[in-house]
Each structure stands twice: as structure tokens, then as C-alpha cells.
Amino acid sequence: MISHSYAQSKHQFEYANPEAKGYSSEKLEVLKKHLQESGSSSMIILVDGSVIFEWGEVNKKHLIHSMRKAVLNSLYGIAISNGQIDTSMTMKELKIDDIKPKLKGREKKARIVDLLKSRSGIYHNAAAVNNGMLKDRPKRGTHKPGEYYYYNNWDFNVLGAILEQETGKTIYDLFYDVIAKPIGMLDYNGEYTSIDGEAEDYKIPDTDGYYKFEKSQSKYPAYHFRMSTRDLALYGQLYLKYGVWNGKQILSQEWIDLITQPYSIYSPEYGSAYGMLWRVRVPNENTTRNSFYHTGLGIHMLGIYPDSKLVMVHRVNTESDFDYNEEDFYKMLNLLFNARENE
């Protein structure tokens, strides 16, 4: 188990009256009541960098589930800018393979950029795959790399392995060094461990991250993060500010624009698409800058809405018995957006 200690100051949030930022305090009270009744654990809303709404234990770390992909995104952006990673490299060039049945001919031609878009065409078994993913997974060899979008944990897990291989550091150390410290995260200390996800009695460790191995499925573990609501809000604010923090360019604007393009429109009726490790709202004629987000279990959410200068984080404590209805998640979103004064 590895941990760090902070050597720099932690972020201090600024608070603002909701009306000063164009939101209704009265309507936000309705949102608060809904969160209390529905089983949420915490929520925070930033507008133009100021907290206008904060509810629950925003300092408590929970498993972030699939939002881990959005966390990985920043590490790739920085490693690419530093010249450590070339996204045109193939699995063959990177010497990436897996347990039997091993990668075959054209699967080895998949590039890093294909994995970033979840379009690798590699449908090998993977760690941390749920039944919904398995139900929709194509058969091996069905699609060429880059041809077809499938939300693929093999791609995401292997991206973690490639990052560590090419940088020589763990995901958790990298995140601590290049993101958590520079933006002054309050709760993430970079502590991590490993677990056997196939053990009957495995428990979620009380660390900031852990590798979950399922060695009968794949040699590559899933890299899980546990983060607080307020640290996720800071992470979202970094993207809202186009990668700039205290005058320093941590992530490039070009990277953020690149990864928030709707490369794969998977739900046209709802305007939902996949970019690179972020879900993206399909823009319309009024969009200045694309909105993007990621969810976890369909109930956690980190959302960045640049045209509204809004960052929101919603959490549920899924590490213990929980009873949270997906319909309440969508009601939460409606209450949030209806809280704008002009709505």
C-alpha cells in the first residue's frame, strides 16, 4: 500500500449566493429535499468557480465507478503533451497482448486513439465487466479497429496499463503528482493497493484507489478510484477552465476540445455521444462549447456545462447497502436545470 502526504496548500472554495449566479435559492431547496428523500449521499454545484449549492458529506470518499475513465483522460492529455505517448501506436508496437484467447491479427492493429474512443474492435474478456456490457459485446473479430463503438472495459483497462508502461509510474502516483497536487485537491492522497476481484470475500479497500484483478478474464486489472465529491468538483472545474489553474496550463485547450467531440452518437434521441473517455452532449446551433460528463452506475455523475459555467457532482454511497432509483437521478437533473432563474 502506497500513500503520499501533501506539501502544498489545499484549495479553498469560494461561495456565492445562488441568485448572484442566476439560480433560485427556493428551487435549490426543492432539490435539497429531493436528495434527502431519494437516498443521495452528497451533491455540489459550482457556477463560475463558486459554490452555490452544497449538500451532504462532500468530503467523504466513495467509489467513483465508471467516472474513472474521465479521471484517466487528464493523465493521457498530459502524457501526450509531454511526448511520452503517441496515440497512433498499435497494440503490436506496444507489445500488448492478453491471456488466451490472445489477440489476433487485426486486433493487434488497434491504436491507442481507438481505445480512447472505445472503438478498438477488441472484444476480449476484461475485469470489472457487468452483465449489460456482456449482453451488448460483439463477438471477437466482428469489427475492425476504429470501425465500431462499444463501451469496452478491455479498452479502458488496457489504457491504464499502457499509461503506466509508457510513463513508468502508477496511475495513482501520476494523478497525485500532475492533477491532485497542482489543483489542491483536499482529500485525494494517492494511497492505493490491489485486490483479487474473484475472491468471494473481497472488500472495497479504504484507499484512494485499487487495482482489481480478475485473472481468469484478463491479465489487465481495472484501476478503481475512490474520491470525494469536492475533489471531483475541482477536477471538473479544471476542465471548465480549459485546463488552466492559477494561471498555469495543466491540460491543453486543444486536448480538451479534441476529447469532447461527439465521435460516437449512441443515443440520437437524447443527444448523447462518446468522445474520448468522456460522454458528450451533441451540440446544436446555439452551442458555443460542448458540454460533457461521465456517470458511474448511472447514478453518480460529474457534469461540465461550459456555456452555463456550471460544474455539478452527484454521489450515492454504493459501498454499502443502498436503495437509489434511477428515475430519481433524472429527477435530480431536472430539478437542477429548472433552478435557473430564467427557466
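Every number here is computed from the coordinates shown, using simple stated rules; none is lab data. Predicted, not measured: the structure shown is a model, and the values here were computed from it. Backbone-built Cβ (ideal geometry, glycine too); neighbour counts: all protein chains shown.
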For this session: Could you grab the Rg to Rh ratio for the chain? Cα atoms only, Kirkwood for Rh.
Result: 0.95
For this session: May I have the pair-distance distribution P(r) for region 258-343, computed from all Cα-Cα distances with 10 Å bins from 0 and rounded to whole percent?
Result: 16, 45, 32, 7, 0
Problem set entry | Shape category assigned to region 145-298 from the gyration tensor of Cα positions, a/c cut at 1.5 | oblate
Seminar exercise, completed: Diffing region 331-336: the Karplus 3J(HN,Hα) column from phi (6.51, -1.76, 1.60, θ = phi - 60°), in whole Hz with x for Gly and Pro, holds 5, 4, 4, 4, 5, 4
Seminar exercise, completed: Measuring from the longest principal axis of the C-alpha atoms of the chain, the long axis of helix 25-38 (C-alpha) lies at a number of degrees, nearest 10, equal to 50
Exercise. If you add up the charges near residue 118, with Lys and Arg at +1 and Asp and Glu at -1, over every other residue whose beta carbon is less than 15 angstrom from its beta carbon, what do you get?
Worked result: +3
For this session: Please report 321, 97, 155 as a ranked list, fewest other C-beta atoms within 10 angstrom at the top and most at the bottom.
Result: 321, 97, 155
Exercise. Relative to the first principal axis of the alpha-carbon coordinates of the chain, what is the inclination of helix 153-167, with its axis defined by its Cα atoms, in degrees from 0 to 90 and to the nearest 10?
Worked result: 80
Seminar exercise, completed: If one compares the long axis through the Cα atoms of helix 229-240 with the longest principal axis of the Cα atoms of the chain, the angle in degrees, nearest 10, works out at 80
For this session: State which entries of 69/219; 108/139; 60/248 exceed 22 angstrom in Cα-Cα distance in the structure shown.
Result: 60/248
For this session: Between the alpha-carbon centers of region 131-147 and region 233-253, tell me the distance in whole angstrom.
Result: 34
For this session: For region 87-175, run through the GluC sites (Glu not before Pro) and keep only the ones in DSSP coil with at most 15 other Cβ atoms within 10 Å of their Cβ.
Result: 147
Exercise. Residue-wise, which Karplus ³J(HN,Hα) couplings in Hz belong to region 75-85, taking 6.51 cos²θ - 1.76 cosθ + 1.60, θ = phi - 60°, and x for glycine or proline?
Worked result: 5, 5, x, 6, 5, 5, 4, 7, x, 7, 10
Exercise. If contacts are Cα pairs under 8 angstrom and at least 6 residues apart, what is the relative contact order of region 1-123 in percent?
Worked result: 15
Problem set entry | Sorted by Cβ neighbour density within 10 Å, fewest at the top, the residues 329, 225 | 329, 225
